[in-house]
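Worksheet: one structure, shown below.
Taken together, the values in this text are just the output of simple stated rules run on the coordinates, not laboratory data. Everything numeric in this text was worked out from a predicted model, so none of it was measured. Cβ sites come from the backbone with ideal geometry, for glycine too, and all protein chains shown count toward neighbours.
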Amino acid sequence: MQKDIYERIISFLLGASWGIILFGAIIVFKTFFILGFGLSFFITTLYIILSLFLILTLDAFMVNKERLLEAKKQTELLEKIYSEQK
């Protein structure tokens, strides 16, 4: 099945986001490690939670797009059934 440009962009952004989370977590941890392991671990955890929230937002865009397409299919089917009943 062909993906439209919207789905391709969202898929690319999701993949890039996972890469940014992985490398970003390592960079954040190493940057704040001079302040201590506990603080570094806490800040890295906050970074990961915020990043995962942003990934969930991108995924919500994809789900809403699929829901809209399904609603359009159902509307078309209901209009067809309604026109046959007249």
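Please determine, in degrees from 0 to 90 and to the nearest 10, the orientation of helix 5-32 with respect to the longest principal axis defined by the Cα atoms of the chain, where the helix direction is its Cα long axis. Once rounded, one gets 10 degrees. In a reduced charge model with +1 at each Lys and Arg Cβ and -1 at each Asp and Glu Cβ, the chain shows a dipole moment near 100 debye about its Cα centre. If you run the Gaussian network model on the chain, springs between alpha carbon atoms under 10 Å, then out of Lys30, Lys73, Lys65 the most flexible one is Lys73. The Rg/Rh ratio for the stretch 5-85 is 1.35, where Rg is the radius of gyration of the alpha carbons and Rh is the Kirkwood radius. Contact order for the chain, expressed relative to its length and based on alpha carbon pairs under 8 Å spaced 6+ residues apart, stands at 30 percent.
When the chain is treated as a GNM with alpha-carbon contacts under 10 Å, the residue of Leu54, Leu68, Leu14 showing the greatest mean-square fluctuation is Leu68. Sequence-ordered 3J(HN,Hα) estimates for the stretch 41-53 from the Karplus curve with 6.51, -1.76 and 1.60 and θ = phi - 60° stand at 5, 5, 5, 5, 5, 4, 4, 5, 5, 5, 5, 5, 4 Hz, glycine and proline given as x.
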